[in-house]
Amino acid sequence: MPPVLHWKIDECAVYFDRLHLRGWCHHHDNAIVRVEAILDEKSVHPLISFGAASADVAQSLGPTAAHARFDEWLTPSAELLGQPFALRMWLADGSHVMGEDALTNCAWGDPYFQSWENFLMRVAQFESGAVLELGSRARSAITRRHRIPARLEYVGLDILPGPNVDLVGDAHELSTLFPEKKFVAVFSTSVFEHLAMPWKVALELNRILAPGGIVYTSTHQTWPPHEEPWDFWRFSQHSWQTLFNPATGFEVLEAVVGEPARVHACRTSSVTVGMPNSLAWLGAASIVRKTHDTKLSWPVTVGEITSSMYPAGELATPPTTNRA
């Protein structure tokens, strides 16, 4: 039986002291007459804009969903901004239904998050072998070891020692740390922006991957500077082909951006006035596969281009675009 309640949060963004809440909801059997955002028991906000035209929703759910949208600016207390919240939808018969965990709902369907699940489905097809995580240190108390099938060997590599690190080493020198063709899969989250030479890491990955081995990479297209001075790069969905290509021994299976964001200039000018109307993306991700060995090399060490070290102090704030 199809679900009777359909709802989607398109945007729940904090702008200084206000929450911009935009989305839609529709009940198949009973008209929704009022919608409230519940930030906590004492912070309930009626969405007075509910009922706005929603031709896009009606195209999918039928003509009764032609006025299902809302677009609201709320001013809750500061401690509630960015916290989980729910929607309460009141129906024509006086009853109500709840849309729980609106933050998770907002992420549903985002290709950036889905790419991680797509990678895991590909990893599950390997009957044996080893899987390497680059940047495995539980910097934000998040680990992904448990997402790898138990029949596969998991190895966690990080530039610094810490929780969930099996081996301390530099991703730029993978072939000195591991045997050739040891791994069937490699993955990293919020690492590639911190690599001094990501093109060299692509070549190193080729050497430690078995033929047909896959690599999942997620990083940022837009993000404030962090972990400085080791914050070097930002990536678009088009970047991956320049790193993983026939010359380096790979093919790109998937390249996406997600986690939509808006960029505001602190000094608005005729050039930047329309910038907030154009979407940027917090996340960029790819899945690539090794197709053949490469003869390319990049015989340059990190020590030859910088004398600094990836920061280990508490002031080095990690990105928060993480997935469990």
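The values are calculated or read from the model by the stated rules, or taken from the named source; none is laboratory data. Here the structure is a predicted model, which is why all the values come from computation and not from measurement. Note that we place each Cβ from the backbone using ideal geometry, even for glycine, and neighbour counts take in every protein chain shown.
Points worth noting:
- Look at (1) surrounded by 14 or more Cβ atoms within 10 Å (Cβ to Cβ); (2) under 30 Å from Val184 (Cα atoms) and you find that Gln125 fails only one, number (1).
- Residue check, Glu11 assigned by TED's automatic domain parsing to the domain that holds Leu91, acidic (Asp, Glu) and free of Cβ contacts under 8 Å to residues at least 24 places away in the same chain: no
- Residues in segment 100-147 that are closer than 17 Å to Gly213 by Cβ, small (Gly, Ala, Ser) and assigned to a loop (DSSP other than H, G, I, E, B): Ala124, Ser128, Gly129.
Matching residues to (1) outside the structural domain of Ile148 (by TED's automatic domain parsing); (2) assigned to a helix (DSSP H, G or I); (3) polar (S, T, N, Q); (4) more than 14 Å from the chain's Cα centre (by Cα):
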site	(1), (2), (3), (4)
Val201	no, yes, no, yes
Ala210	no, no, no, yes
Tyr216	no, no, no, no
Thr219	no, no, yes, no
Trp223	no, no, no, no
Phe235	no, no, no, no
Asn245	no, no, yes, yes
Val252	no, no, no, yes
Gly258	no, no, no, no
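Residue-by-condition table, conditions (1) part of a loop (DSSP other than H, G, I, E, B); (2) charged (D, E, K, R):
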| site | (1), (2) |
| --- | --- |
| His26 | no, no |
| Asn30 | yes, no |
| Val35 | no, no |
| Val44 | no, no |
| Phe50 | yes, no |
| Asp56 | no, yes |
| Gln59 | no, no |
| Thr64 | no, no |
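- Hey, Glu41 exposed (fewer than 12 other Cβ atoms within 10 Å of the Cβ) and either out of contact with any strand residue (DSSP E or B) (no Cβ under 6 Å at 6 or more places or on another chain) or in contact (Cβ under 8 Å) with a residue 60 or more places away in the chain (or both) or not: yes
- Checking Gly156 against (1) over 22 Å from Met309 (Cβ atoms); (2) under 25 Å from the mean Cα position of the chain (by Cα); (3) in a strand (DSSP E or B), the condition it does not meet: (1)
- Residue tally, condition more than 17 Å from Tyr15 (Cβ to Cβ) and either in contact (Cβ under 8 Å) with a residue 24 or more places away in the chain or part of a helix (DSSP H, G or I) (or both), over segment 71-97: 10
- For segment 250-280, filtered to residues that are within 30 Å of Leu174 (Cα to Cα) and among the hydrophobic types (A, V, I, L, M, F, W, C), the residue that is surrounded by the fewest Cβ atoms within 10 Å (Cβ to Cβ) is Val252.
- Residue that is farthest from Leu282 (Cα to Cα), among those in segment 232-247 that are surrounded by fewer than 17 Cβ atoms within 10 Å (Cβ to Cβ) and not small (Gly, Ala, Ser): Pro246
- Residue match in segment 9-18 (condition: modelled with pLDDT under 95 and at positive phi): yes
- Number of the condition not met by Arg22 [criteria: (1) closer than 19 Å to Ala261 by Cα; (2) modelled with pLDDT of 95 or more; (3) in contact with a helix residue (DSSP H, G or I) (Cβ under 8 Å, 6 or more places away or on another chain)]: (3)
- Segment 160-180 - residue that is free of Cβ contacts under 8 Å to residues at least 60 places away in the same chain and not in a loop (DSSP other than H, G, I, E, B) and, of those, surrounded by the fewest Cβ atoms within 10 Å (Cβ to Cβ): Thr176
- Residue in segment 288-307 that is touching a Ser or Thr at 6+ places or on another chain (Cβ under 9 Å), at pLDDT 95 or above and not aliphatic (A, V, I, L, M) present: yes
- The residue list Pro111, Pro149 contains one member that is within 18 Å of the chain's Cα centre (by Cα) and surrounded by fewer than 19 Cβ atoms within 10 Å (Cβ to Cβ), which is Pro111.
- Count - residues of segment 283-307 that are in a loop (DSSP other than H, G, I, E, B) and more than 28 Å from the chain's Cα centre (by Cα): 13
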